[in-house]
Ligand code: GLV
């Protein structure tokens, strides 16, 4: 009798999946804090917090598929996986709108100084309506700059239309549909940095983008600009960011991602003009269910010998 294959699935996905998500396999649920076990597992559905390096893959000699439950795949050594013929998949599309909404929640929170307002009330320092209290940045007719204009960047750009903002973007490839439908304009990096009132980062983490926004590029942002990052924390050099905040060069910052999650620098937490969120870009029931379902469908497709729905390469 052929033996039943075994797969690993992040136990944090249990509430988002049916009780037997992979009926044709034995599922071992692994918690985020647990080391990746070695053995004869043929598939794994990890969270983005699980690093799967070459050593982890070596301990999984039968592995056929890594179905990451995230659109970002920087936690996986994709090159090492592909050399072994392991299929790597992610969860694009299903999280685009939720992440774009959250990006706008940060833009609005920083532009209109919500953190300072909430603190005023919490600390009982509010004395009533005051015409010059907590004046923020009016978004109408301002410029939104998108550093990266993939699915999420474009979804953020589309929403800017409702706020009557001009949209600039800088990306590796032109986006003619985005330009035609939403009046977005492709510009060089210098122009993006120099003209954006709000700069929103939408790049993947890679060797090319790590610490991309350091002292030099941050200094090229216009004084008082707002910087938003819902992509990956390591794209911004955190020490450079702190320097730009201390000098008063940046008007405000909204972050959902950090270089060494779950660490968040205390100075960012305490800064009145910095809004920090715990990596919740895709955190709606619909989206998280759709991500978990897509990851499992990818895993099952590969195990059946079919093409994955959303392979990364
Ligand atoms: C979230 O950050 C994701 O990559 O899905």
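Specify the residue that is farthest from the ligand (Cβ to nearest atom); the eligible residues are those in region 26-45 that are touching a residue at least 24 places away in the same chain (Cβ under 8 Å) and in contact with a helix residue (DSSP H, G or I) (Cβ under 9 Å, 6 or more places away or on another chain). Out of the qualifying residues, it is 42. The single residue among 23, 5, 18 that is in contact (Cβ under 8 Å) with a residue 40 or more places away in the chain, over 30 Å from residue 206 (Cβ atoms) and surrounded by fewer than 20 Cβ atoms within 10 Å (Cβ to Cβ) turns out to be 5. The condition of being assigned by TED's automatic domain parsing to the domain that holds residue 108 and crowded, with 20+ Cβ neighbours inside 10 Å holds for only one of 232, 246, that being 232. Residues that are more than 16 Å from residue 156 (Cβ to Cβ) and part of a loop (DSSP other than H, G, I, E, B) were ranked within region 266-283; the one that is nearest to the ligand (Cβ to nearest atom) is 279. For region 287-300, indicate whether the set of residues that are surrounded by fewer than 18 Cβ atoms within 10 Å (Cβ to Cβ) and part of a loop (DSSP other than H, G, I, E, B) is non-empty. Checked against the condition, which is being surrounded by fewer than 18 Cβ atoms within 10 Å (Cβ to Cβ) and part of a loop (DSSP other than H, G, I, E, B), region 287-300 yields no hits at all. Going through (1) buried (at least 21 other Cβ atoms within 10 Å of the Cβ); (2) under 19 Å from residue 100 (Cα atoms) one by one, residue 221 falls short only on (2).
At least 1 residues being in the same structural domain as residue 152 (by TED's automatic domain parsing), buried (at least 21 other Cβ atoms within 10 Å of the Cβ) and away from the ligand (no atom under 16 Å from the Cβ) is the threshold, and among the helices (runs of 4 or more DSSP H) wholly inside region 46-128 those reaching it are 96-111.
The values are calculated or read from the model by the stated rules, or taken from the named source; none is laboratory data. Since the structure is predicted, the reported quantities are computational estimates derived from the model, not experimental observations. FYI the Cβ positions are ideal-geometry reconstructions off the backbone, even for glycines, and counts take in every protein chain you see.
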